[in-house]
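To keep things clear, I will list the structure first and then write my remarks on it.
The values are calculated or read from the model by the stated rules, or taken from the named source; none is laboratory data. These figures come from a predicted structure and were not determined experimentally. Cβ: placed from backbone, ideal geometry, glycine included. Neighbour counts: every protein chain shown.
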Amino acid sequence: MRKPLIIANWKMQLTLPESLRLARTVIRLARASHAQRSVDIAIAPSLENCVPIARLAQRTSIAICAQDCFWESKGAYTGEVSPQRLREIGCSHVLIGHSERRIHLGETDDMIGRKMNAVSAVSGLQPVLCIGEPYAIRRAKKHLHYIKHQLVTAFRYIKKTTPSRIIIAYEPVWAISTAAQMGESAPLKSAPDDCAAMVGAIKKIVFALSPKSDVSVLYGGSVTSQDVTSFVAKGIADGALIGGASLHSGEWKKIMSSISSS
Ligand code: PGA
């Protein structure tokens, strides 16, 4: 059985010195505790900090996860970065289609599909496809249909081989700590049984799309040390994508110790 995967999504929150300090703490805690044996850890720093943090994490099992990438390998695309360059600078994972990008940057399911295709073609680079419904969709009870559409479109673009490992991060927009900034009236907490039902539904859809893949579904949305083990557990999610709580070394320490002792 796979170890749970915990990804610390630092978004655009930290300066270089702050990122280095926090990365050193994450590495030290992973070495000092049993965390490394029982959890797979990835850090998702902002792009400019991926290189120095990848260097720091070189001889550890901590993976570096980029927060986004473009769908072309090379060309006149000012401001973009290709999956190949991310691999070169030491990233092994990349988030695709985070709801903050869908909402603030207007990323569509089609753009996300192209990114899935581009990342899947790069050996050693694992896409982490982020999906999740806004509250209005949930209230209208159309969330399953919505999620299915997000998944089907993303997979439709993959031309050659679907990755043998598929990682999906299910993050209901209304449960993310930045929900209010994304136009949701108030951030709400998700319940573990609801999370379990969604993870089950997502696995079924992905299995139908790609029967041979090994699928992990992470949960994200205001996860803290208080509730991480109610989401990351057998029969619920296979890991977590953690934003706000991953920025505080004290919280991170508690998250690691809860997960490794659960
Ligand atoms: P949050 O962020 O834990 O602060 O809700 C999760 C995410 O947006 O990936």
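The table below gives the values:
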| quantity | calculated |
| --- | --- |
| Residue under evaluation Thr153, criteria (1) closer than 30 Å to Lys254 by Cα; (2) more than 15 Å from the chain's Cα centre (by Cα); (3) of a type outside the set (A, V, I, L, M), criterion not met | (1) |
| Residues (near the ligand (Cβ under 10 Å from one of its atoms) and assigned to a loop (DSSP other than H, G, I, E, B)) located in segment 160-171 | Glu171 |
| Matching option when the condition is away from the ligand (no atom under 14 Å from the Cβ) and over 18 Å from the mean Cα position of the chain (by Cα), among Ala233, Ala191 | Ala191 |
| Where Ala42 falls short, out of the listed (1) within 16 Å of the ligand (Cβ to nearest atom); (2) over 19 Å from Val223 (Cα atoms); (3) out of contact with any helix residue (DSSP H, G or I) (no Cβ under 8 Å at 6 or more places or on another chain) | (2) |
| Any chance Ile205 is surrounded by 16 or more Cβ atoms within 10 Å (Cβ to Cβ), without any contact (Cβ under 8 Å) to a residue 60 or more places away in the chain and part of a helix (DSSP H, G or I) | yes |
| Hits in segment 1-17 - residues which are among the basic types (Lys, Arg) and either at positive phi or near the ligand (Cβ under 10 Å from one of its atoms) (or both) | Lys11 |
| Neighbours by Cβ (under 7 Å, 6+ apart or cross-chain): first from segment 160-186, over 19 Å from Ala8 (Cβ atoms); second of a type in the set (Asp, Glu) and crowded, with 18+ Cβ neighbours inside 10 Å | Pro172/Glu133; Val173/Glu133; Val173/Glu184; Trp174/Glu184; Met182/Glu100 |
| Within segment 209-230, considering residues that are of a type in the set (Val, Ile, Thr) and not in a helix (DSSP H, G or I), the one nearest to the ligand (Cβ to nearest atom) | Val223 |
| Which numbered condition Arg28 fails, given (1) modelled with pLDDT under 95; (2) touching a Cys at 6+ places or on another chain (Cβ under 7 Å) | (2) |
| Extreme residue, surrounded by the fewest Cβ atoms within 10 Å (Cβ to Cβ), among residues of segment 168-181 that are more than 20 Å from Thr229 (Cβ to Cβ) and under 18 Å from the mean Cα position of the chain (by Cα) | Thr178 |
| Qualifying residue in segment 47-61 (condition: touching a residue at least 40 places away in the same chain (Cβ under 8 Å), closer than 21 Å to Lys254 by Cα and among the aliphatic types (A, V, I, L, M)) | no |
| All positions within segment 115-137 that are within 16 Å of the ligand (Cβ to nearest atom) and in a helix (DSSP H, G or I) | Tyr135 |
| Hey, Glu88 among the charged types (D, E, K, R) and surrounded by fewer than 18 Cβ atoms within 10 Å (Cβ to Cβ) or not | yes |
| Checking Gly250 against (1) more than 10 Å from the ligand (Cβ to nearest atom); (2) out of contact with any helix residue (DSSP H, G or I) (no Cβ under 6 Å at 6 or more places or on another chain); (3) under 15 Å from Tyr170 (Cβ atoms), the condition it does not meet | (3) |
